[in-house]
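Presented below is the structure to which this report refers.
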Amino acid sequence: MPRRKPRSRPLDGWLIIDKPPGLTSTDVVNRVRRAFDAQKAGHGGTLDPLATGVLPIAFGAATKTVPYVMDGTKLYRFTLRFGEARDTDDADGKVTAVSSDRPTDGAIRAALPRFCGDIMQVPPLFSAVKVAGERAYDMAREGRPAILEPRPARVDHFELVERPDPDMAVFSVASGKGVYMRSLARDLAIACGTLGHIVALRRLRVGPFTEAQATLLDAVLTADCGAPGAMNLLLPVATALADVPALALTDAEAGGLRHGQAISLVTLMGRIPGTADPCGGLVRAMAGPRVIGLARLEDGWMKPERML
C-alpha cells in the first residue's frame, strides 16, 4: 500500500514577516506554511512583488481575525520617480509615456491635501480587482486592460519626507483598507503636472503589527521550524485584536456570549470602554485575561460577532 502523507500539524498564531522584494504575498505564505508544516495559513494584506516590509501571516484560528487586521491603519514609505508613466504604476512595468516636467517641493506639498481624507481612487490596471469575474491583472497581461471605476479610499496622512534629487521624492502615508500606493503616486504626479511611478515601497505597519515585530523570511526558512523553540516566533491569535477596545465579562456573561446570546448594554454600564462606539462599534470580549471573541455594540445590545 502507498504510504500516506503525514498530516500537517494544527498551528494557531501570527508570524510577522519582513517581506523581501521579488515575491508575491502568496509566495511568502506558501513558503512559511511549508516551513512550519501548518495546516492552514493566510496573510493580512497583500504586498506587491516590488514591495517590502510588514506581512502578517495567520495560522489556524488566527485566520478568523484577518479581516480585522486588514481594517486597521497601515503605514507606508514610498519613493516616487517623476517623468515616466508605467503600465503597472511601478518600476516592474513597461514605460507608456514620458514627461520632462519636474515639480517643485512647493508644488508637491500644495497638491497633497487633495489626496487626504475620504477620496475616490482608480486602482492600478495590474491589480486584483475583479471585473465581470476576471482579475484586472489577468486582463492587462492579455492585452485587454479593464476599465476600472473610482473606488472610495481613506488616506489619513500623506507627507513629503525628502527630495533626494529632482527626479525622486520620498513620502510617508497612513491609510485605511484598500488604498493603492501605486495609484496614489501616479495620481499625485499627474496633479503636479507630470507623470510618475513607484520605484520603492515599504510597509511599516498593519493594524497592531509593526516593523519591530517582523522576522526576515530567510531567517524563518533556514530555521528548524519543527523545533519547540520556533514557536517563540509566533504571536498569540488575540494580538491581532489589540487595537479593539476590551470589555470585561463575568463568567456567566462570557458563557452566554459563546452560545450566541446578546447582552444588554444596560447590564454592562460602567464597563464599556470610552473608546468603544455604542452605535455599531466592535469590542474585544474578555473572560479574565483571555479574549473569547469579538462582539458588536448596537441597538442597545452587545451581540457576538466572531468567537475564537
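Of note:
- For the stretch 74-206, the antiparallel share of DSSP beta bridges with both residues in that region comes to about 95%.
- Taken one residue at a time, the phi angles of the stretch 272-289 give Karplus couplings (6.51, -1.76, 1.60, θ = phi - 60°) of 6, x, x, 7, 7, 8, x, 10, x, x, 8, 9, 8, 7, 10, 10, x, x Hz. Gly and Pro are set to x.
- Antiparallel bridges, percent of DSSP beta bridges restricted to the stretch 244-307 (to nearest 5): 80
- Both radii were evaluated on the Cα set of the stretch 171-251; the Rg over Rh quotient, with Rh as the Kirkwood radius, amounts to 1.14.
- Kirkwood hydrodynamic radius (C-alpha pairs) into Stokes-Einstein, the stretch 80-119, 10 °C and 1.306 mPa s, D in µm²/s: 134
- Protection proxy ranking, highest mean first, for peptides 195-204, 155-164: 195-204, 155-164, where packing is the per-residue count of other beta-carbon atoms within 10 Å, averaged.
- Over 21 Å apart at the Cα level, from the set LYS40/LYS64; LYS19/LYS177; LYS40/LYS130, are LYS40/LYS130.
- Estimated translational diffusion coefficient (Stokes-Einstein, Kirkwood radius over Cα pairs, 37 °C, 0.692 mPa s) of the stretch 64-158: 206 µm² per second.
- Shape box of the stretch 193-233 [Cα atoms, principal axes, largest first, Å]: 57, 23, 12
- Centroid-to-centroid separation of the stretch 280-301 and the stretch 133-172 [C-alpha atoms, Å]: 36
- Charge-dipole axis of the stretch 232-308 as Lys and Arg at +1 and Asp and Glu at -1 on Cβ define it, positive-most pick from PRO273, ALA248, GLY300: ALA248
- Kirkwood hydrodynamic radius (C-alpha pairs) into Stokes-Einstein, the stretch 160-308, 20 °C and 1.002 mPa s, D in µm²/s: 111
- Counting only Cα atoms, the size of the stretch 1-139 along its three principal axes is 69, 31, 31 Å, in decreasing order.
- Cα pair distances of the chain binned at 20 Å [whole percent]: 29, 51, 20, 1
- Extents of the stretch 244-307, largest first, come to 23, 21, 20 Å (Cα atoms, principal axes, whole angstrom).
Every read-out reported here was derived from the displayed coordinates using simple, explicitly stated rules and does not represent laboratory data. All of these numbers come straight from a predicted model, not from anything done at the bench. Methodologically, a virtual Cβ is constructed for each residue, glycine included, from the backbone with ideal geometry; neighbour enumeration extends over all protein chains shown.
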